[in-house]
Each structure stands twice: as structure tokens, then as C-alpha cells.
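What follows is one structure encoded as C-alpha cells, with my remarks underneath.
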Amino acid sequence: MRHFDVQILGGIFLYKNYITEMKTGEGKTLTATLPAYLYALKERGVHIITMNEYLATRDAKKNKQLFEFLGLTVGLNISGLSLELKKKAYFSDITYGTNSEFCFDYLRDNMIFHTKHRVQRDLYYALLDEVDSILIDEARTPLIISGVLYENTNIYNTINNLIKYFPKTVGYDAQFVKNSGDYVIDWKSKQIILTDQGLIRIEKLLVKNKLITTPSSLYLVNNIILIKYFISALRAHIFFKKDIDYIVKERKIIIVDEHTGRMVPNRRWSDGLHQAIEAKEKVSILHETQTLASMTLQNYFKLYKYLSGMTGTAMTEAFEFKVIYNIKTVVIPTNCLMIRKDLSDVLYVTEKEKINAIVKDIQNCLLNKRPVLVGTISIQKSEILSQQLTKLNIKHNVLNAKFYKKEAKIISQAGQLNAVTISTNMSGRGTDIVLGGEIQKREDCTSDIEYEKKKKIWKKRHDLVVFSGGLHVIGTERHESRRIDNQLRGRAGRQGDPGSSRFYLSMEDVLMKIFIPRNIKNIIQKYNLTYGEPIQHNWINHFILYAQKKIENNNFEIRKQLLEYDNILNIHRNIIYFLRNYILEMKDIKVLIKNYLFINICKIIHKNCLEKSFLKKKQIFRIINILKEDFHIIYRFSYNNSNYYYISPRDFCKKIYQFIKYSYCAKERKIGFSTVRKFEKTIMLSTLDLFWIEHLSFMDYLRKGIHFRGYAQKDPKQEYIKEAFNIFSIMLDTLQYKAISKIIKKIMGF
């Protein structure tokens, strides 16, 4: 294979740390080999990061021959690898893997108790394939490593059974709050707002079911969390739909990524939402979890010294790439002229009319022997359309989260003559749709003669599809992001091939329901439209563009706000991880313990001094009792000597320190130096981890409630910064004190 000139141009910009927009079928995988090779020569590690393990495995296997021929080693970083294989992958010259696995490995590396368990080395250069999916779509929520919180899970079933007693909502937005109704639905933020009447109803239901004793007891500290269970249950029933937001597989709730249409088996919703959905679907309820470590993808990728990325759709997010990541975006021209026809959107009143129109469009394509790719926004929509085609005996393939293992194979054949493929919008991304079907590989043939024969057959099929008009892409609904729609359209018209695209809409689509102006709905209803008659007008495209830009701006603000708050936590994270690695790599931690011990003894003594010049007998007794309790000072300490009745705090501090140091060294000789060193390090790290987990939880609660400061005419973000600084300072002081206290007590009491 020889790089096209435009691929070499793309490689140059990637090497110079740009984000490059290269259309579908332009050969981004091959382009990535150029900067990867140059950076790999510096022997500091190159990470080529993709969206899923299939693409990472495929690209690693495909390019391994090239890189090994050039004298480089290639590693593959996927989930489930042993420690040895992980290390081998990371210490290769070029490492392929997924964004989540790289970030989780970083977090896990900062939870280890021995340096031999660390897998990553310094983060040098990362090249992100489908960079918009990784840095935009996946950046809405932080990646979290969780631990189980043991609680009574039966409460979720109990609350789920009580939801049926709630009547209909007040309205469809927070602006519809009235004096009647139990709760308000805010569709845009997917939140539930309980009214006063709703709270009264909750009180009555809880009293009736003996979950609380009296209505007033609902607001006791131990009972108020029951309101959270009700809100989670309501959200589970109203916002989260089976085969759209999640699927039930092997009696487990598995999240479906809203952007990719893929299953995310290792992810769970937080704040009891996942448990509420498990109760709703009558499956086993797993315990809620607490955060052990967390990080946003934005802050993880900022750790790399050099960063670049490539995608078919980048320019719509160029501003965010510049603001958040300080990376410029450039458009690389196509190798051949783009001749795809993008047809105007068609609007119908009802969903049923829209589905019928899509089926007719598919039938027309089949009459002309054209392949069709139908993009849906959910599993449910793809299955509804599949049922309609099955009734008409139209042969087709369905590609969604339920069949993700067949993803690449199904999508690669979507360009065959008369092929009909139904796919969630993002499924199969990263796999080319070649007109006439996938090209036969030489290694799959027994001889050159067989290969040439099959190549001629493919060429004939390819020419027939080109003659029929190429691939026709149908969108069953507009996505909230223009980028996702452009990606769907981009499946047709690769490398100068013919093709076309069209989106079908209905007034019942989510985007239309939420954002279409009410006066336009009223105007449409006044039209005497016959059943199945479409509405075609320029305002439709203008309105869709307006709605998508509005949502994109809203999502950008969400991601920006998430990053702004995580930046504060990131400062804390960097300090804790630095301290942790410092302790982990110290050969003799005893020096650090001595310093901490002296500082904390001084703090205790000075805190309990009534006079600065000297200490009296009563003060000495009080301090000694505190030190006995905190640092396990044994009774042999002779504080009854008259010389101690009048002593300066500084001298008293030195005498206390010398006594503890002497006693500690005596125990150390008895137990063994190496044993004590291991014990000290373990105590220090485990105490640090415990405090960090509590700090993460506290910061999460602070962030969720900080917006209420706005009602007091205070800036929530500035208040968060101030509170976070105070909390972290106190935490560091307490951490140091508790760690030393534990070590002294354990060693002295051995």
C-alpha cells in the first residue's frame, strides 16, 4: 500500500499535534502509521487509542507487520489482561488500546502497594482515532473505579412497587410548576422535581407501608434518603427505556451508549438509578457503589506531553477542542471529489407515517438494485423497522448493541447489491463500507488464480452498484448532535463513490417534541394533510440546525462545567498521587515518619499550652494524657520528675519526641527492620487511600449542592473553590496525624 498525498499531509499535521478531519474511507488507519513511527523512534512509548476493543485489536494486527518490519514492537492493551501482558503492552514501542482502559490503568497504577505492580510508564504521545467520540461524547461523565457499599437492596423493590400510586405529572418542563400534581418532568436535564403535594403523598405511602412512623419523621437524617429512592424510581420509569437506554441480558441491566449504540457492560449509573432500573425490570439488584478513584477523560489526556487525533467529523467541535484541549483542528481534502447527494429532510405528523415512508424508500432502492443503510438512534427503533421489513419479506441485516460482536462483518457487507442494513447510527464506525462488498484478501485464497478470479467477480459487483447510484443512507431521526448525523451520512460517498442520504422526521421525534415551537405545532395541525402526506419546507432544516446547535452548546457547557469542577479536584488528585508515589518509591520511609511525628507532637503541645514561655504541672499532665491516647506513650515515661514542672514547650516537645523515638527503635530491633519498613509503608498508603475515598465522596456531595449558594447571591464556582481548599487542607493535616498515630500505636503495641 502507498500513502496518498493527502494521507501524507494528514500525517504531517498529526505529527505537529493537530486534530485532522479526514472523511470516511480516506484511510485514517494507514495515515496514523506515519506520526506513530516518528514518535516511536524516541523510545518513550506511543499510544494509538480507539473507541472499542475490536478496532484496537484489528488495527494492531493490521499494522504489526509494518511496524515490526521497521524494527518496532507493537502491544495491545485491552481489558482482562494479566499483569505481565499489560506491562509488555505498555513497554512496547507502539501500544494500541481503548480510551477507557488507558485511563483505568492510570487510576489503578495510583492504587497499588508495590512499584512492581505498576503497568504504565510516563505518558508521552497519544494519537486518538475517532477523536470526537473520545474527547467529546465520552467526556460527559468521569471514569470511576468503584467499591461495593453494602446496604439493604430490598428498599428499591419496595419503592418501585409504590410508584404506581403516583398520578400523572404536572407538565413537561420545570416552567410548568403548579399547585397540583406530584412531580414535574424536566426532559432536557432528565430530572424529576417533586411538588409539595408529591412530598405529602410520599409521606402517606411511607407511613402506610411502615417505612416511617409519622409524616414528620420523613425529614429525620436517617429517613430523608428515602426521597432519593423515590426520585430514582421515577427517573427509571419515565426517562430510561428498555432497548433504548439499556438492555436486559442474562438477567442483568447493561447500559447502551447513547452515541455509539454499543453495550457498555462494565458501566453502571450512579446515585441508585441503576438499582432502581434493576427493580423495575425485576432482576437481581446489586449493591450501590462508592467511588475509589475517578478522573475525567479531559484531564487524563492532558497528562500526555503530545496529543493529536483524527476523525471524519471534527470541525463542528473545533471550538471545544481549542478551548478545552488547546489543540487546533484542520480539514484534510479528500483524495477524490465528493459526489454524494444529501437530500432535504422530510417531515411527517406521526411516527407511523414516517416508518411507512422509509419502507417505501427502501423498496424503491431495491427496485433499482441499490444498497441501503438505515441509521436509527436506538435498538427499539431498529427493531420496529426490522419488523415492518420482515412483514414485507424484505431480506435485511440488523446491527445494534445486541449483535455488536458481528458489527464489523455486517457493516462491511452493507455496500453489496440489494443489501439492506439497519444500524444504530454509530455502529460499525471505523469499518469501511465498500461498494460491492468487502474485497477478498489474498491470504484467504488458496492460489493466485483463485484470488484473481474472485477479484474480477468483486469488480463486476462494484461496477453494478456504482451504476445503480451507490449506497443510499436513510436517517430515521435527527440526532441531537450534527456530528452524529454527519457521520451517518459519511458512510456513503467514500473515495469518490456515488451515493445519497436523506433524513425522515416526525412530530413525535424526541428532538421535535422538546424543541419545536408550539405555534409551529398549531400551524401544522391546522393543515388538512392527508395521511402519509409529507411536509417539506426550508424552515424544517433551519429549525433542526437551530435545535442541534442549541443542544450542542448546552452539552458543551455541561462538559466545560464538569471539567472546571474536576480541575479543582484534579489539583487535589495530583497532590495525593504525588504523595502516594513518593511514599511508594521511598526506600527508607522512617525519615518521613520522624518528620511527621515531630510536627504532630509540636502541634499537640502548642495547642494545649496556656502560656508560651513554660509549661506548668497541670498542663504537662493533660498533654501527656493526650499523647498516651494518640501515640501510645507507655506509663514508664517519668513525667513526675520535678524538673518537668516548669519547662518550655520546645524543650518538652524534644523530650517527648526523644522518648517515643527511643521506644520505637527498641521495638524495631525486636521485630525486625525490614518487617517494620513494609508495615509502615502499608499503613501510610492504606490510610491515605481511605482519606482520599472519603474526600472524593465529600467533594461529590459538595458539588451537587453548591449551586444553592447562588440563591444567596454568591458565585457557586468560587464558593466551591474556597470550600474545596479548606476541606483538602484539613484532610491533609488529619491524614498526616492519623497515619502517624496508627503506625506508632501498632508498632509500640506489637
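Descriptive notes on the structure:
- Under-5 Å amide H pairs with I212, H placed in peptide plane, nonlocal only: V207
- Length gained when the stretch E585-K16 is fully extended (0.36 nm per residue, less Cα-Cα span): 201.4 nm
- In degrees, nearest ten, helix 351-367 long axis to first principal axis of the chain (Cα): 50 degrees
- Nonlocal amide H pairs with K341, under 5 Å, H built at 1.01 Å: G499, S500, S501
- FRET efficiency for V331 and T57, using Cβ-Cβ distance with R0 set to 30 Å, rounded to 0.05: 0.50
- Residues whose placed amide H lies under 5 Å from that of V46, excluding near-sequence neighbours: I94, T95
- Seen from every direction in turn and averaged, the convex hull around the alpha carbons of the chain projects onto 42.0 nm².
- Folded to 0 to 90 degrees: helix 448-468 orientation relative to the chain principal axis, Cα: 70 degrees
- A Cβ-based charge dipole, computed about the Cα centre of the chain with Lys and Arg at +1 and Asp and Glu at -1, lands at about 2140 debye.
- Each label point was placed 7 Å from the Cα along the Cα-to-Cβ direction; for Y165 and Q561 their separation is 3.4 nm.
- Whole-percent carbon and sulfur share, accessible surface of the chain, 1.4 Å: 55 percent
- Environment charge at G27 (Cβ cut-off 13 Å; Lys +1, Arg +1, Asp -1, Glu -1): 0
- What the phi angles of the stretch 578-590 give under the Karplus curve with 6.51, -1.76 and 1.60, with θ = phi - 60°, is a coupling list of 5, 4, 5, 5, 4, 5, 4, 9, 5, 6, 10, 6, 4 Hz, glycine and proline written as x.
- Qualifying GluC sites (Glu not before Pro) in the stretch 1-61, DSSP loop, other Cβ atoms within 10 Å at most 14: E43
- Calculated FRET efficiency for the pair K678/T390, C-beta based, R₀ 60 Å, to 0.05: 0.35
- Candidate aspartates and glutamates for bridging to K722, where Cα separation is under 13 Å - those fewer than 8 sequence places away on the same chain excluded: none
- Three-way shape label, the stretch 656-721, alpha-carbon gyration tensor, a/c 1.5: prolate
- Proximal aspartates and glutamates to K341, defined as alpha-carbon separation beneath 16 angstrom and excluding residues fewer than eight positions away on the same chain: D361, D485, D497
- Compactness index (Cα Rg / 2.2 N^0.38 Å), the stretch 1-132: 1.05
- Residue by residue, the stretch 495-501 carries 3J(HN,Hα) couplings of 6, x, 5, x, x, 7, 8 Hz when phi is fed to the Karplus relation 6.51 cos²θ - 1.76 cosθ + 1.60 (θ = phi - 60°); x denotes Gly or Pro.
- Cα-based helix-to-principal-axis angle, 196-208 vs the chain, degrees rounded to 10: 70 degrees
- Rounded Å value of the spacing that divides the Cα centres of the stretch 449-468 and the stretch 225-277: 46 Å
- Ranking I571, V6, Y596 by how far each Cα lies toward the positive end of the dipole of the chain (charges on Cβ) leaves Y596 at the top.
- The sum of -39500 (n - 2.57) across all DSSP H runs of n ≥ 4, divided by the residue count of the chain, sets its helix-only mean residue ellipticity at 222 nm to -16000 deg cm²/dmol.
The values are calculated or read from the model by the stated rules, or taken from the named source; none is laboratory data. What you are looking at is a predicted structure, and each value in this text was computed from that prediction instead of being measured. Quick reminder, even Gly has a Cβ in these numbers, built from the backbone with ideal geometry, and neighbours come from all protein chains shown. Just the protein is used for accessible areas: all its heavy atoms, side chains included, with ligands, DNA and RNA removed. Shrake-Rupley method; radii C 1.70, N 1.55, O 1.52, S 1.80 Å.
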